[in-house]
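Visitor: Below is the structure I would like to discuss, written out as structure tokens.
The values are calculated or read from the model by the stated rules, or taken from the named source; none is laboratory data. Given the structure is predicted, the values throughout are model-derived calculations rather than measurements. Note that each Cβ is placed from the backbone with ideal geometry, even for glycine, and that neighbours are counted across all protein chains shown.
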Amino acid sequence: MERFVVRPSGPLSGQAEVYGAKNSVLKLMTATLLSTGHHRLRNVPAITDVTIVRELLGAMGVSSSYEGSGTAGLLDIDVPASVLPVAPYALVEKIRASVVVMGPLLARYGSARMSLPGGDDFGGRPIDMHLRAFEEMGAVFTTEHGYVEGRCDRLVGGRVVFEFPSHTATDNVMMAATLAKGTTVIENAAREPEVIDLAAMLTEMGAHIEGAGTSRIEIEGVDQLGPADHAAIADRVEAATFLGAVGLAGGEIELLNARADHMEMLIEKLGAIGVHCVDTGRGILAAGRRPLRSVDVSTLPYPGVATDYKPVLVSLLTVAEGVAIVSENIFAGRFRYVEELKRMGADIVTKGHHAVVRGVPRLSGAPVRSTDIRAGAALVLAGLVADGVTQVSGAEHVDRGYEDLAGRLSSLGADVSRESDCE
């Protein structure tokens with residue numbers, strides 16, 4: 001077991017590169033199942049979730065190799081003519097994104113068998129939306145022994161209407177539709193930049209897709225696709241984490257590769273809190289200004305404030321002047337890290353999907369525990385403005401979504417290190 005050790009530091013300064021988006025790269029990896037041959041993905045971060053999806057693909061008979069890291073990370077994937085269309089429980093339970101293998105497997109091989117997906121512990125993640133969409137496209141599902149199995153002769157295009165603009169379901173159905181017979185229209189589709197990135201790669205492979213990034217996506221199925229050579233977009237959640245760091249610690253940093261146009265609502269909220277952001281054309285220049293001010297926050301589907309941003313925003317609000325109401329409208333149970341912030345002296349009261357955050361002058365260092373990727377990162381940031389030493393256990397959660405978070409924060413002047421229990 002490893003932990004982050006954080007001590008209060010002075011203002012941050014310097015440059016940091018923003019690496020490839022976890023929430024895009026994992027879908028790009030599964031999209032390679034749609035075509036036999038050698039695929040190359042660029043800008044792939046060295047994070048645990050990439051390793052897990054590589055293992056998941058490997059269990060199906062797909063080989064891969066990785067070299068470099070960060071923006072220089074190259075992932076080569078070789079997909080054989082036939083694979084074992086089974087996603088085993090031991091791997092699926094580790095990561096929720098594993099559900100997106102279902103679309104490519106059904107579309108290409110007419111069969112998919114998988115256990116229910118796992119991932120971060122902040123509420124249930126029903127996949128009924130995915131199954132209903134595939135049933136409308138001609139798949140038939142059975143459930144036994146903890147697995148869901150789908151079969152079809154060939155998926156058939158149709159009109160899929162989502163009750164909620166699910167990012168993962170949009171990706172899954174869009175991939176499946178590329179090889180379906182006829183035209184598929186997705187209504188109330190997710191609009192995230194990562195959906196656009198996946199659509200761009202699929203188009204490069206020979207897919208016919210219109211409307212990605214809007215609430216209506218139209219896909220005309222083709223008979224086959226070719227291998228991909230694609231660079232993932234920058235990770236907007238990672239960028240948000242560094243913006244939160246400079247907001248808490250103060251100073252000025254430049255985030256190279258960060259896309260301000262992918263984070264407009266967040267940048268507006270950060271500006272109101274006291275983090276000034278400027279699009280430089282090559283990234284974002286950000287400066288933390290005192291005093292921080294409280295603002296209300298509600299998570300919403302893109303282009304609203306993403307649920308993944310919320311833990312960082314809550315850390316900022318714990319030391320902001322005034323009172324803020326934070327509402328979680330995406331996932332149930334995503335306030336579990338609040339108890340850890342309260343151990344550090346934060347004044348937060350939660351009820352249902354709301355939290356009332358009253359800013360305090362300063363936090364107090366304490367041993368705390370990471371409950372998921374983003375919560376762990378937010379606790380590390382909170383340690384930057386906490387008197388004494390903050391120890392954040394469960395560093396392995398953070399490793400799922402961040403490559404060398406401690407080292408990269410340290411390069412900007414933060415006092416963050418890692419220790420293991422045996423040290």
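Visitor: How many residues does the stretch 224-237 contain that are outside any loop (DSSP other than H, G, I, E, B) and among the acidic types (D, E)?
Guide: 1
Visitor: Give the stretch 213-241 a look and list any residue that's among the basic types (K, R) and either in contact with a Ser or Thr (Cβ under 6 Å, 6 or more places away or on another chain) or surrounded by 24 or more Cβ atoms within 10 Å (Cβ to Cβ) (or both), or say none.
Guide: The one that is among the basic types (K, R) and either in contact with a Ser or Thr (Cβ under 6 Å, 6 or more places away or on another chain) or surrounded by 24 or more Cβ atoms within 10 Å (Cβ to Cβ) (or both): R236.
Rundown of residues vs (1) surrounded by fewer than 18 Cβ atoms within 10 Å (Cβ to Cβ); (2) within 28 Å of A234 (Cα to Cα), yes/no style:
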| position | (1), (2) |
| --- | --- |
| G271 | yes, yes |
| G283 | no, yes |
| Y309 | no, yes |
| V323 | yes, no |
| R334 | no, yes |
| K351 | yes, no |
| V356 | yes, no |
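Visitor: Return a yes/no flag: does the stretch 112-122 have any residue that is at positive phi and either at pLDDT below 90 or among the basic types (K, R) (or both).
Guide: yes
Visitor: Continuing with this model, one more query. Residue under question is A395, and the condition is that it be touching a residue at least 60 places away in the same chain (Cβ under 8 Å) and within 18 Å of the chain's Cα centre (by Cα); does it hold?
Guide: yes
Visitor: Looking only at the stretch 403-423, count how many residues are closer than 17 Å to R369 by Cα and buried (at least 19 other Cβ atoms within 10 Å of the Cβ).
Guide: 3
Visitor: Now a separate question. Mind checking whether some residue in the stretch 336-348 is among the β-branched types (V, I, T) and either in a loop (DSSP other than H, G, I, E, B) or farther than 24 Å from S294 by Cα (or both)?
Guide: Within the stretch 336-348 (the criterion being among the β-branched types (V, I, T) and either in a loop (DSSP other than H, G, I, E, B) or farther than 24 Å from S294 by Cα (or both)), the answer is no, since none of the residues qualifies.
Here's the yes/no breakdown for (1) closer than 21 Å to V101 by Cα; (2) in contact (Cβ under 8 Å) with a residue 12 or more places away in the chain:
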| site | (1), (2) |
| --- | --- |
| R3 | no, yes |
| S9 | no, yes |
| N23 | yes, yes |
| H38 | yes, yes |
| I47 | yes, yes |
| V53 | yes, yes |
| E67 | no, no |
| L84 | yes, yes |
| P88 | yes, yes |
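Visitor: Condition check: under 22 Å from the mean Cα position of the chain (by Cα) and either at pLDDT 95 or above or assigned by TED's automatic domain parsing to the domain that holds R113 (or both). Does D128 satisfy that?
Guide: Against the criterion (under 22 Å from the mean Cα position of the chain (by Cα) and either at pLDDT 95 or above or assigned by TED's automatic domain parsing to the domain that holds R113 (or both)), D128 qualifies.
Visitor: Here is a further query. Within the stretch 359-369, restricting attention to residues that are surrounded by fewer than 24 Cβ atoms within 10 Å (Cβ to Cβ) and in contact with a helix residue (DSSP H, G or I) (Cβ under 9 Å, 6 or more places away or on another chain), which residue is nearest to G10 (Cα to Cα)?
Guide: Checked the stretch 359-369; the qualifying residue nearest to G10 (Cα to Cα) is R362.
Visitor: Oh, and also: Looking only at the stretch 133-154, which residues are surrounded by 13 or more Cβ atoms within 10 Å (Cβ to Cβ) and either over 23 Å from E194 (Cβ atoms) or modelled with pLDDT under 95 (or both)?
Guide: E135, E136, G138, A139, F141, Y147, V148, E149, G150, R151, C152, R154
Visitor: Which helices (runs of 4 or more DSSP H) sit wholly inside the stretch 1-118 and have at least 1 residues that are closer than 18 Å to L198 by Cβ and more than 20 Å from the chain's Cα centre (by Cα)?
Guide: 102-109
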